[in-house]
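Q: This is the structure, below, for whatever I ask next.
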Amino acid sequence: PDDRAAVQSAMHAARPGQRLVAEFRIRRPDGSRAWVEVHAASVDAGAGRRTRTGVMVDITARKDAEVHLRESEERWKLALEATGD
C-alpha cells in the first residue's frame, strides 16, 4: 500500500510499447509483505484502448540479503575503526 500511488502513476504514464521495470512492496493475502520486481509493458489494444501485460517476481530473499549485507558491512567498518586500522 505504501508504494501503490507511485507504481500506478508509472504504469499509467507508460506509452504503448514502453517497458516498465519496478521494484516495490506488496501485501500478501496472509497479511505479510513481500518485495517484487515487475517487468511490464503497455500495449495498444486497438480502438484507442491500452492494456498492460507483465511478469511479477518475488525478490524478498534478495532484498533481505541486501539488508543483511549492509548491516554486516557496517559492523565490519565499526570494528576496524575501533581497532584503529
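Q: Within the stretch 10-52, which residues are surrounded by 10 or more Cβ atoms within 10 Å (Cβ to Cβ), free of Cβ contacts under 8 Å to residues at least 24 places away in the same chain and not in a strand (DSSP E or B)?
A: Listed by number, the residues that qualify are Ala10, His12, Ala13, Arg28.
Q: Among the candidates Lys77, Lys63, which residue alone is over 27 Å from Arg15 (Cα atoms) and within 18 Å of the chain's Cα centre (by Cα)?
A: Lys63
Q: Scan the stretch 34-60 for residues that are polar (S, T, N, Q) and under 22 Å from Ala13 (Cβ atoms) and jot them down. Give the steps one after another, and end with the answer.
A: Here is the first cut: in the stretch 34-60, the residues polar (S, T, N, Q) are 42, 51, 53, 60.
Residues satisfying the conditions are Ser42, Thr51, Thr53.
Q: In the stretch 76-84, is there at least one residue being part of a helix (DSSP H, G or I), out of contact with any strand residue (DSSP E or B) (no Cβ under 8 Å at 6 or more places or on another chain) and open to solvent by less than 70 Å² (accessible area, probe 1.4 Å)?
A: So far as the stretch 76-84 goes, yes, one or more of its residues are part of a helix (DSSP H, G or I), out of contact with any strand residue (DSSP E or B) (no Cβ under 8 Å at 6 or more places or on another chain) and open to solvent by less than 70 Å² (accessible area, probe 1.4 Å).
The values are calculated or read from the model by the stated rules, or taken from the named source; none is laboratory data. Predicted, not measured: the structure shown is a model, and the values here were computed from it. Note that each Cβ is placed from the backbone with ideal geometry, even for glycine, and that neighbours are counted across all protein chains shown. When the accessible area is computed, the model is the full protein with side chains, heavy atoms only, and any ligands, DNA or RNA have been set aside. Shrake-Rupley method; radii C 1.70, N 1.55, O 1.52, S 1.80 Å.
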